[in-house]
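To keep things clear, I will list the structure first and then write my remarks on it.
Readers should treat all values here as calculations from the given coordinates under stated rules, not as data from a laboratory. Just so it is clear, the model here is predicted, and its values are computed rather than measured. Cβ coordinates were reconstructed from backbone atoms using ideal geometry, including for glycine residues, and neighbour counts include every protein chain displayed.
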Amino acid sequence: MLATMTEPLHCHLDFISPYGYFASLRIEAIAARHGRVVAWHPMLLGVAVMKVMGLKPLMDTPLKGDYVERDVRRYAREHAVPMKRQPRDAVMNPLACGRALAWANRHAPQRAGEVVHAIYGAYWGEGLDLSTPASLEPVVGETIARAAGGEEAAALLRAEVDASLAQGVFGSPTVIVDGEAFWGVDKLEQVERWLERGGW
């Protein structure tokens, strides 16, 4: 039954997440192999992890932070992913980027994927700080960058974050396939098997 469906693969991500970056480079090819498209959704780890779950940021967690640092670098080397920013570099405020994507989803949905790739490429690939709408302008263009500084974009991001929490999303990336959530870049192979088999 699930195999005949054409619902998009809903990819929830936070731009400060290196694993979200990695997944963004692969999920569209997976979707295309199964006649699907990707719907991109901004989420905020600061809300889901720290406020809702009450946990520390990943890199501040003893033992786990050191592992993640090695894991991220190892993944980037294995897959030849451009990555000037390193896991322990200062983390930007992700609100402007999240708002840019939320605004694009409402007003220019055909550009959502382009926005995701441009932001991830600039932030993780080139190591740029994209904390402000002004810093986003050369990355996503004047229209979306300026919109990211407005109240509408802020409200649209809040709605996206609330919707992601209502669906049980707590990590980046999370891919929701026909109502089934898969968390983590390491689950992309399972997403592919799920699509191939029509679920199980």
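Give me the percent of DSSP beta bridges within the chain that run antiparallel, rounded to the nearest 5. Spell out each step's value before the answer.
Working: 7 of 12 bridges.
Restricted to the chain, the bridges split so that about 60 percent are antiparallel.
Quick check on the chain: take the gyration tensor over C-alpha atoms, sort the square-rooted eigenvalues as a ≥ b ≥ c, and tell me if it's rounded (a/c under 1.5), prolate or oblate.
rounded
So what is the calculated 222 nm ellipticity per residue for the chain, using -39500 (n - 2.57) for each DSSP H run with n of 4 or more, over all residues, to the nearest 500 deg cm²/dmol?
Numbers: 9 runs with 92 residues, N = 200.
Calculated from helices alone, the mean residue ellipticity at 222 nm is -13500 deg cm²/dmol.
Please compute, for the alpha-carbon atoms of the range 122-182, the extent along each of the three principal axes and give them in descending order in Å.
Each principal axis gives a Cα extent; for the range 122-182 these are 36, 29, 17 Å.
Starting with the highest mean, order 23-35, 88-100, 112-124 by the number of other Cβ atoms within 10 Å, averaged over the residues of each peptide. Walk me through the intermediate numbers first.
Values: 23-35: 17.3, 88-100: 20.0, 112-124: 21.8.
Output ranking for 23-35, 88-100, 112-124: 112-124, 88-100, 23-35.
How high is the relative contact order of the chain, in percent, with contacts defined as C-alpha pairs under 8 Å that are six or more residues apart? The partial results should precede the final answer.
On the way: 299 pairs, mean separation 63.9, N = 200.
About 32 percent, as a whole number.
What are the lysines whose alpha-carbon lies under 18 Å from the alpha-carbon of Lys56, with same-chain residues fewer than 8 places away excluded?
Lys64
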